[in-house]
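In what follows, a structure is listed as structure tokens, so that the remarks can point back to it.
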Amino acid sequence: MLWILAGVVAGAVQDFIILFISTRRDGRSLGDLIKMELGTVPGVIALFSAFLIMVTILAVLGTDRGEGADELPWGRFTVAATIPIALFMGLYTRYDTFARDASAKCRSSASCC
């Protein structure tokens, strides 16, 4: 029980530190931060490592929960709803001028930060 508690606290602290540093650097990713500080090669290694960690986590979660999810309606709905929502949000934040204007206005204003 102590290992689980310590792991959760350590993971939360690490996530908060990365979020804080990323926010201070205009929301850049961890790979971009490492690329800026250490150079191109360590930045590419960091991006590739983060990608491999995410793929591994998704594979583990998929094998754990994926066996029964294809037979249940909530499993199909979750997959069928999550992917279009993610695509819509990505395209919206990429191409919408309102989102970019609001983001630029927030960065120039001291009250948002």
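Derivation of every value follows stated rules applied to the coordinates shown; laboratory data play no part. Just so it is clear, the model here is predicted, and its values are computed rather than measured. Cβ coordinates were reconstructed from backbone atoms using ideal geometry, including for glycine residues, and neighbour counts include every protein chain displayed.
Values for this structure:
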| quantity | calculated |
| --- | --- |
| Label-point gap, in nm, between Ile85 and Ala59 - each point 7 angstrom along Cα→Cβ | 2.7 |
| Protection proxy ranking, peptides 21-27, 80-86, average beta carbon neighbours within 10 Å, highest first | 21-27, 80-86 |
| Over segment 1-62: Kirkwood hydrodynamic radius from C-alpha pairwise inverse distances, Å | 13.1 |
| Relative packing of 34-40, 49-55, which averages over residues the other C-beta atoms within 10 Å, highest first | 34-40, 49-55 |
| Net lengthening on full extension, Phe48/Ser29 (0.36 nm per residue, minus Cα-Cα) | 5.6 nm |
| Residue-by-residue Karplus 3J(HN,Hα) for segment 38-51, coefficients 6.51, -1.76, 1.60, Hz, glycine and proline x | 10, x, 6, 5, x, x, 5, 4, 5, 5, 5, 5, 4, 5 |
